[in-house]
Amino acid sequence: VLTSAEFKTLPISKRTLRALNENNFIYMTNIQYVSLPIVLLNKHIYAQAQTGTGKTLCFCIPLIEKMYRNSIDNYNKILGGIIITPTRELVFQIFEVLNMLNKYHKLNICCAIGGKNEEKEKSIFSYANIIVCTTGRLLYHLENNYYCNLDYLSTLIIDEIDKLIDKSFYDNLKNILLYKPKENCQICLFSATICKFLNVILNTFHIKDYEYVSINDNDKYIESNNVKQIYIECDIYEKINYLYTFLFSKKNKKIIVFFSTCKQVRFMYEVFKKIKVGVMKFLQLHGKLKQTSRLNTYHFFSKKKNFVCLFTTDIACRGLDFSSIDWVIHFDFPDNIETFIHRSGRTGRFTNMGNSLIFLTKQIDNKKLFLNVLKDNNIFIKEKFIKKQKLFDIKNKIHSLNAAFVD
């Protein structure tokens with residue numbers, strides 16, 4: 001992933017370079033090497049690269065630098081840059097990267113993610129230089145907040161644009177664009193997968209002159225070579241036993257397990273928390289949790305190195321950069337190949353190695369079709385077998401707990 005090109009070869013300030021060096025960012029990744037010079041030249045860009053390749057720095061560094069070159073800081077209180085991303089957790093993650101780069105600058109960097117103190121959030125638009133937010137919160141402030149003024153906005157960045165093209169986000173995004181300046185506003189679009197609706201996106205943003213950057217070949221969804229892909233085929237009624245058995249064998253690792261729904265996550269979290277898997281700590285992350293709980297879980301899991309397992313929905317599959325994930329487990333079949341790639345991309349990031357396991361049920365999942373789709377997208381997977389005699393049976397324990405579980 002890393003190239004031999006150093007950040008110090010870029011036309012960036014000593015302040016930014018010092019912050020990068022202090023955090024051991026010396027060499028650029030491929031996507032950084034290709035896209036950073038373009039974004040620093042204030043050009044529109046659509047950049048695509050696989051997960052775990054450092055795309056966040058591709059837009060955070062140029063944004064900090066533009067504010068610095070334009071003499072925007074906490075004194076003049078001009079809102080010069082907005083970053084939009086699908087989830088609150090991603091907002092917070094990008095916010096932390098910006099703060100790292102801002103150490104020797106004097107920018108006001110804020111988040112808009114909602115919560116109890118709505119009046120305080122409204123006020124940030126009166127002094128923030130950079131705001132990181134979700135589409136829903138930004139649109140709310142544009143429509144209801146006197147302080148929210150985009151007249152001086154010089155950069156609009158959309159992270160995970162392939163996710164934001166979904167219907168649930170897209171209407172908000174179109175309405176937001178009505179408020180941005182018609183001229184002199186740089187548009188930067190970033191994605192982990194190649195978006196099938198690229199022309200729709202470009203038309204929506206009225207972008208004609210832009211740079212397209214991709215480090216993938218032949219328009220395939222190429223996944224990181226750092227991830228070893230494995231599948232286990234099992235009967236649907238034995239699936240939870242296979243999960244428990246596998247987690248027990250990896251109880252000293254750092255693991256993420258993906259489920260389809262919030263209800264599944266809540267149930268499985270309560271079950272595994274009570275029946276225990278050695279000293280492994282179990283966490284849950286989904287959209288029904290309160291914001292403070294989600295952020296606390298995010299921080300705890302980020303800092304933990306081993307003996308921890310996070311049960312989550314696909315809320316955690318987009319962009320979240322948890323360090324040193326040993327295993328990603330797809331308990332439920334993903335909706336599409338893009339989701340599979342995003343889930344798997346939580347492990348094997350940068351130069352680290354990782355593993356991805358998916359359970360295929362004999363009664364429901366189409367094994368042949370799934371393997372063909374992976375093959376078409378240059379993703380190679382091997383089958384793993386667990387002997388029946390080594391399988392733990394926890395169904396009786398679940399039945400006894402089920403009565404106590406309140407939905």
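The values are calculated or read from the model by the stated rules, or taken from the named source; none is laboratory data. Keep in mind the model is a prediction, meaning the values are calculated, not measured. For neighbour counting, all protein chains shown are included, and Cβ atoms are generated from backbone atoms with ideal geometry for every residue, glycine included.
A few remarks follow.
- Among the residues of the stretch 275-295, the ones that are more than 17 Å from the chain's Cα centre (by Cα) and either part of a loop (DSSP other than H, G, I, E, B) or under 13 Å from residue 311 (Cβ atoms) (or both) come to 11 in all.
- Once the stretch 96-124 is narrowed to residues that are among the charged types (D, E, K, R) and outside any helix (DSSP H, G or I), the residue that is surrounded by the fewest Cβ atoms within 10 Å (Cβ to Cβ) is 116.
- Residue 311, sole failed condition from (1) touching a helix residue (DSSP H, G or I) at 6+ places or on another chain (Cβ under 9 Å); (2) part of a loop (DSSP other than H, G, I, E, B); (3) without any contact (Cβ under 8 Å) to a residue 60 or more places away in the chain: (2)
- Residue check for residue 88: touching a residue at least 40 places away in the same chain (Cβ under 8 Å) and under 29 Å from residue 313 (Cα atoms): yes
- Residue in the stretch 7-16 that is touching a residue at least 12 places away in the same chain (Cβ under 8 Å), under 28 Å from residue 177 (Cβ atoms) and among the polar types (S, T, N, Q) present: no
- Any chance residue 89 is touching a helix residue (DSSP H, G or I) at 6+ places or on another chain (Cβ under 8 Å) and farther than 15 Å from residue 61 by Cα: yes
- Considering 93, 50, the condition of being over 15 Å from residue 187 (Cα atoms), part of a loop (DSSP other than H, G, I, E, B) and touching a residue at least 60 places away in the same chain (Cβ under 8 Å) is satisfied by 50 alone.
- From the options 34, 39, residue that is outside any loop (DSSP other than H, G, I, E, B), over 16 Å from the mean Cα position of the chain (by Cα), surrounded by fewer than 23 Cβ atoms within 10 Å (Cβ to Cβ) and β-branched (Val, Ile, Thr): 34
- Among the candidates 293, 400, 323, the residue that is free of Cβ contacts under 8 Å to residues at least 40 places away in the same chain, of a type in the set (Gly, Ala, Ser), within 15 Å of residue 227 (Cα to Cα) and loosely packed, with under 15 Cβ neighbours inside 10 Å is uniquely 323.
- Residue 284 vs. criteria assigned by TED's automatic domain parsing to the domain that holds residue 236, surrounded by fewer than 16 Cβ atoms within 10 Å (Cβ to Cβ) and touching a residue at least 12 places away in the same chain (Cβ under 8 Å): no
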